[in-house]
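The values are calculated or read from the model by the stated rules, or taken from the named source; none is laboratory data. Quick caveat: nothing in here was measured; it's all calculated off a predicted structure. All Cβ positions, even for glycine, are placed from backbone atoms using ideal geometry, and neighbour counts span all protein chains on display.
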Amino acid sequence: MKKNITVILGDGIGPEVTEQSIKILNAVGEQFGHEFTYDYQLMGAIAIDKTGNPLPDATIESALKSDAVLFGAIGDPKYDNDPTAKVRPEQGLLKLRKSLQLFANIRPVITYPALNHLSPLKPEKMDGVDFVIFRELTGGIYFGEKKINEEKTEASDLCSYTQPEIERIAHLAFQYAGRPERRKKLTLVDKANVLETSRLWRKVVQDIAPSYPDIKVDYMFVDNASMQIIVNPKQFDVVLTENMFGDIISDEASVLSGSLGLLPSSSVGTGTTLFEPIHGSYPQAAGKDIANPIGSILSAAMMLEHFNMNEEAALVRKAVAWTLSQGFVSQDIDSVNNYGTSVIGDLIKDFIEQKIPADINKKSVELGKSTII
Ligand code: IPM
Ligand code: MN
């Protein structure tokens with residue numbers, strides 16, 4: 001198969017983690033006879049520096065006509081610490097989400113037994129944790145009218161949702177909960193005891209629920225949900241929620257896996273689908289070859305599944321699980337014994353190419369030597 005991928009490296013650690021994914025995609029292409037071509041485009045602080053615009057038109061055009069978008073990360077401290085900045089890197093990502101109508105952000109959360117010791121939770125609470133967050137991505141407080149008075153002493157962000165906006169993601173989440181591998185449970189996370197938008201979400205989901213009779217639906221306030229994710233994460237299967245709540249609880253949920261650096265996501269819309277790790281640009285680590293590439297590599301695996309390359313994706317997942325189980329992990333996971341971003345990428349690539357010798361010599365990996373010799 002031939003696939004054309006728009007690659008947006010973005011800011012901070014975006015380029016170095018995405019580079020590992022490209023390595024993996026190329027290895028998969030070689031092994032399975034696919035041809036992946038890449039169209040590199042700008043977005044974020046780097047795009048502002050080079051063009052003055054956080055999302056140049058060329059990036060949107062490329063994304064619209066490609067088979068998928070692979071994105072790294074966005075954000076730069078020079079904008080974070082300047083609340084008066086009119087042009088901000090994040091505007092690029094928000095505009096891209098709107099332009100591609102990426103209304104559903106899908107964030108799977110699983111745990112790896114080899115990393116259970118990293119979790120703040122007891123191991124018995126971790127085994128079998130497997131849920132997927134469906135976060136609405138093009139509405140709510142992120143996109144509502146923003147105001148600040150002339151004196152700059154009062155500001156507001158409007159949170160608004162329409163019934164069709166809720167329906168389209170709710171249908172996706174119900175369908176996903178009905179997949180053979182899922183446990184047929186959907187939890188709507190909202191704040192319906194306080195917010196009008198949340199009451200609308202609840203009504204729309206209640207109205208849709210009878211069309212999915214085999215899915216058990218429950219409703220949870222977001223404050224309780226953020227506690228339940230820690231207290232009893234196994235109870236969740238598919239979690240459906242609005243934009244801002246989804247942003248917050250998905251970072252929280254990543255702690256269950258062991259690190260924010262491990263979590264991938266896909267953003268589904270009416271056209272091209274986008275794949276990105278859920279972590280940010282981690283500017284302190286940029287260029288140091290210490291960032292965790294797994295969130296990006298698993299996003300590439302989700303991309304392969306999107307292309308219906310399921311065997312290929314399964315091999316990537318197996319390779320990732322192998323590195324984690326062998327202790328070939330980055331600094332965020334093990335602060336003492338850790339490996340560089342590119343070494344982890346190379347190991348995963350070598351695994352895919354079946355080049356890992358049975359008696360792999362950790363010493364030579366540590367020295368940054370090829371694993372084959
Ligand atoms: C995410 C990020 C973005 C968001 C930022 C960078 C705008 O945190 O993808 O979760 O808030 O959606
Ligand atoms: Mn976020």
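Out of curiosity, is N105 within 27 Å of D237 (Cα to Cα) and within 11 Å of ligand 1 (Cβ to nearest atom)? Here the answer is yes, as N105 does meet what is asked. Just checking: which of the helices (runs of 4 or more DSSP H) contained wholly in region 28-130 hold 3 or more residues that are more than 16 Å from ligand 2 (Cβ to nearest atom) and assigned by TED's automatic domain parsing to the domain that holds I141? Correct list: 123-126. V222 meets the conditions (1) among the aliphatic types (A, V, I, L, M); (2) modelled with pLDDT of 95 or more; (3) surrounded by 23 or more Cβ atoms within 10 Å (Cβ to Cβ); (4) within 16 Å of ligand 2 (Cβ to nearest atom) in every case but one. The failed one is (3).
Looking across region 270-288, the residues that are buried (at least 19 other Cβ atoms within 10 Å of the Cβ) and either away from ligand 2 (no atom under 13 Å from the Cβ) or not charged (D, E, K, R) (or both) come down to T272, T273, L274, F275, P277, I278, H279, S281, Y282, A285.
A single entry from R135, R183, R179 fulfils the requirement of being assigned to a loop (DSSP other than H, G, I, E, B), touching a residue at least 12 places away in the same chain (Cβ under 8 Å) and within 23 Å of the chain's Cα centre (by Cα): R183. Determine the pairs where a residue that is assigned to a helix (DSSP H, G or I), located within region 316-342, has a partner that is among the small types (G, A, S) with Cβ atoms under 7 Å apart, the partner being 6 or more residues away or on another chain. Matching pairs, first to second residue: V316/A300; V316/A301; R317/A301; L324/A114; S325/A114; T341/A291; T341/S330. Against the conditions (1) at pLDDT 95 or above; (2) over 16 Å from P277 (Cα atoms); (3) in a helix (DSSP H, G or I), Q20 satisfies every one except (2). Contact annotation: residue pairs with Cβ atoms under 8 Å, 6 or more positions apart or on different chains, pairing a residue in region 239-253 that is over 15 Å from Q228 (Cα atoms) and near ligand 1 (Cβ under 8 Å from one of its atoms) with a partner that is among the basic types (K, R) and outside any helix (DSSP H, G or I), are N243/R135; D247/R135. One residue stands out among those in region 242-265 that are within 21 Å of L172 (Cβ to Cβ) and away from ligand 2 (no atom under 13 Å from the Cβ): the one that is surrounded by the most Cβ atoms within 10 Å (Cβ to Cβ), which is E242. Within region 231-261, the set of residues being of a type in the set (A, V, I, L, M, F, W, C) and under 20 Å from the mean Cα position of the chain (by Cα) comprises F236, V238, V239, L240, M244, F245, I248, I249, A253, V255, L256, L260.
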